[in-house]
1. By how many nm would the segment from Arg52 to Arg98 lengthen if fully extended, with 0.36 nm per residue of separation less the alpha-carbon distance?
2. Considering only protein heavy atoms and a 1.4 Å probe, what is the carbon-and-sulfur percentage of the accessible area of the range 130-181?
3. Amide H to amide H under 5 Å from Ala57: which residues, 5+ apart in sequence or cross-chain, H placed 1.01 Å off N in plane?
4. For Asp11 and Ala30 in the same chain, what is the full-extension length gain: residue separation times 0.36 nm, less their Cα-Cα distance, in nm?
Amino acid sequence: MPTWAGAPHADLARDLVIGHKERGRWGLRAPLGRLLAAAVAAGVGAPPGRGRLLLCAVPSRPGTVRSRGHDATGAVVARAARTLRAQGYDAVRVDLLRSGRALDQGDLDAAGRAVNLVGTMRCPAHLLRAAAARHGRGSVVLCDDVVTTGATLVEAARALGSSGVPPLLAATVTSTPRRGGRGTRTSDDSQARSLPRAGRDD
């Protein structure tokens, strides 16, 4: 699956993500939303691009949202949709996914993350019906704050695809370094302005 990121997960961009997600600095939603919007725009092309864009946030685990007291990713996706509309895109945030139980990903390698997440996301029929009734048809863009190994995006794409709505592409605020193989990226090979592809088409 094509994946685009607004900036490398380093320096200021990393501090913005952490400050908003872990420290509740709500004012950072605006710059994070702009980075995510730039990644989406790079993936779909100039407006009107692919027609209506349905920006679907990758859900956090329910316990994580409760402990933080806010849906960090959802808030950034909503801000990105607003930014894109101001730029001429027909973009809306949609709620299509639910996350189930999974172990904490922090200490897992790429293979462990992939196994840990299999089957943990679902796309309930009532959410699809609600989105269709409110927004009609459009291209789904998966959105997250950070792409590390890509395992979370793959699981989210699987859940959407199994319900008949495969995503057009994925967009994230930042991407962590990855070296070697096709789609190589490093921590210093890009800036937000250059909007590099964040990884392989998988």
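The values are calculated or read from the model by the stated rules, or taken from the named source; none is laboratory data. Keep in mind it's a predicted model, so treat the numbers as computed, not measured. Note: areas computed on protein heavy atoms with side chains; ligands, DNA, RNA excluded. Shrake-Rupley method; radii C 1.70, N 1.55, O 1.52, S 1.80 Å.
1. My answer for the length gained is 14.3 nm.
2. Carbon and sulfur together cover 54 percent of it.
3. Val94, Leu96, Cys143
4. So the extension gain works out to 5.1 nm.
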